[in-house]
Amino acid sequence: MSPVVLVVAIGVAGSLGALLRWAADVAISHRLTHAERTSLNLFPWALLLVNVVGSFVCGFATGFWGHSDWGLIIATGLAGGLTTMSTLAVTTLNHLRSPDHTKIAISSLILHALLGVAFAWFGLFLGTR
């Protein structure tokens, strides 16, 4: 694949990942905003979902395609657009601003780190099989 086509393909895949992230946030957040406001409902579930799924996709693409064009398109583009460190950082800080939400912020960070690494490993494991 030519470098120009590769760059465009990564950009298109990244846009698709970003749209999937937005769709997950809208679908999950919409349901939770109409539910009773509890700590469980305030937890950033959509963010956790996209980051865990994106970690798996990145691990699988890297294991299956390596650093080939398809590996870059899926891992860098799709998974990169789907996952988001900046949203995790801002969401965590917003929860830390409220003393009642400190446990949500800390548990979210722990789950993102543990599940993200675990699912990236699982994807890599499956991708190399």
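Share of pairwise Cα-Cα distances greater than 17 Å in the chain is 61 percent (whole percent). To put it simply, the accessible area of segment 1-87 at a 1.4 Å probe is 73 percent carbon and sulfur. Taking the charge dipole of the chain about its Cα centre, with +1 at Lys and Arg Cβ atoms and -1 at Asp and Glu Cβ atoms, the residue from 39, 67, 112 reaching farthest to the positive side is 39. Solvent-free Debye calculation, one equal scatterer per alpha-carbon of segment 61-129: log10 I(q)/I(0) at 0.12, 0.24, 0.27 Å⁻¹ equals -0.43, -1.00, -1.12.
What's the extension gain from residue 98 to residue 111 if we count 0.36 nm per residue and subtract their Cα-Cα distance?
Stretched fully, the residue 98-residue 111 segment lengthens by 2.7 nm.
Helices in the chain that qualify as membrane-span-like (whole DSSP H runs, Cα extent of at least 27 Å along the helix axis, mean Kyte-Doolittle hydropathy of 0.5 or higher) are 3-33, 45-65, 102-127.
The values are calculated or read from the model by the stated rules, or taken from the named source; none is laboratory data. Because the structure is predicted, anything quoted here is derived from the model rather than measured. All Cβ positions, even for glycine, are placed from backbone atoms using ideal geometry, and neighbour counts span all protein chains on display. Only protein heavy atoms, including side chains, enter the accessible area calculation; ligands, DNA and RNA are left aside. Shrake-Rupley method; radii C 1.70, N 1.55, O 1.52, S 1.80 Å.
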